[in-house]
Amino acid sequence: MHPRTQSIRVISKELSNIAAKQLNEDPKRTRETLEAFDEWLKKQRHLQVRNDYQHLIAFLRGCKWSLERAKQKIDGYYTFKTLIPELFRERDPLSDEMQAARRTGLIALLPNGKGHAGPRTLFITFHEAISVLTTCKALTSAVDMLMIEDDNAVISGLQIIADFSGITAGHLLHCTPALMKKCATCIEKMYPIRMNKLITINTPKPAEVIYNTLVNPFLSDKLKKRAFVLSIQGWKEAVGNDILSLLPLEYGGDNLPLNFLKDEWSRKFKSYRDWFIEDDTYSCDETYRSRYTCSKDLGMEGSFRKLSID
């Protein structure tokens with residue numbers, strides 16, 4: 001394990017109240033639980049993980065401070081990263097692949113008003129020159145960054161809005177069953193962040209068919225109820241005023257212009273270069289794993305050795 005820091009960001013009073021009521025967070029037990037989590041990780045020979053306390057607290061909050069669930073979640077997080085390198089490795093923002101993603105501005109974080117304690121919202125677009133795989137890779141990078149620095153996302157959850165107006169036939173041809181299953185499984189099971197809403201707008205009929213056949217079956221009933229696939233006509237009425245107000249100016253929302261928000265995210269992504277290079281050094285080595293029974297939260301039976309996501 002790399003050297004770590006034991007510092008934890010102070011959260012706002014509003015977020016603290018949400019963490020207490022919804023996540024069972026008790027400041028009196030925070031340090032004790034983090035230390036127990038850390039001690040357990042030191043004994044896991046198969047895990048080479050980032051173990052600074054700000055990273056670890058995201059797993060405890062995501063698991064409502066159940067230490068046992070947090071152990072399983074962090075094990076799954078690094079196992080998925082190891083088993084699906086095409087989504088989680090070589091995400092250097094200055095690599096040719098990720099620089100192209102940054103230039104085209106696939107991702108934007110939609111700002112909330114001052115004092116907002118609700119979920120964070122990521123906005124995704126598609127570009128004909130950027131593959132579906134690279135787009136998914138940019139999305140995993142964005143979620144990792146939010147997990148590190150955004151207490152709203154960790155405590156109140158995440159909303160993802162995807163504009164499908166730029167999706168092409170080439171994109172759809174690369175939406176293979178294996179890739180869609182991996183993406184759906186990671187959204188549902190891997191990250192210690194609650195997915196509040198998953199919304200697609202300007203969705204063409206072929207993309208809707210792919211979602212219904214290749215993505216929806218792998219989502220839990222809870223997330224299915226939070227997912228909304230909206231067509232080109234009538235999506236503004238369907239999303240409601242709360243979501244509409246968050247959208248960029250070009251979409252009829254009250255937020256900043258999309259290009260400005262994309263540029264901001266591109267600069268932030270670049271600033272994380274050292275983090276993403278270091279992230280490739282963390283992994284799960286199955287040759288050192290003792291038998292480990294997964295929880296139903298991860299949607300698997302038996303040990304991670306048996307995990308098959310192809």
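Summary of values
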| quantity | calculated |
| --- | --- |
| All positions within region 90-106 that are open to solvent by less than 10 Å² (accessible area, probe 1.4 Å) and not in a helix (DSSP H, G or I) | ARG91, PRO93, GLY105, LEU106 |
| Residue under evaluation PRO192, criteria (1) in a loop (DSSP other than H, G, I, E, B); (2) open to solvent by 10 Å² or more (accessible area, probe 1.4 Å); (3) touching a residue at least 60 places away in the same chain (Cβ under 8 Å); (4) not polar (S, T, N, Q), criterion not met | (2) |
| Which listed residue is hydrophobic (A, V, I, L, M, F, W, C), under 22 Å from THR121 (Cα atoms) and open to solvent by less than 30 Å² (accessible area, probe 1.4 Å), from ILE201, ILE187 | ILE201 |
| 1 or more residues among the polar types (S, T, N, Q): qualifying helices (runs of 4 or more DSSP H) within region 131-186 | 132-149, 151-156, 177-185 |
| Flag if SER165 is open to solvent by less than 40 Å² (accessible area, probe 1.4 Å) and among the small types (Gly, Ala, Ser) | no |
| Pair list, Cβ under 7 Å, 6 or more apart: region 133-150 residue closer than 13 Å to GLU86 by Cα, other residue among the acidic types (Asp, Glu) and part of a helix (DSSP H, G or I) | LEU133/GLU86; THR134/GLU97 |
| Filtered residues of region 219-241 (kept if on the phi > 0 side of the Ramachandran plot and either in a helix (DSSP H, G or I) or among the hydrophobic types (A, V, I, L, M, F, W, C) (or both)) | GLY240 |
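The values are calculated or read from the model by the stated rules, or taken from the named source; none is laboratory data. Only a predicted model underlies this, so the values are computations on that prediction, with no experimental measurement involved. Glycine also receives a Cβ, built like all others from the backbone with ideal geometry; neighbour counts cover every protein chain displayed. These area figures cover heavy atoms from the full protein model, side chains too; ligands, DNA and RNA do not enter into them. Shrake-Rupley method; radii C 1.70, N 1.55, O 1.52, S 1.80 Å.
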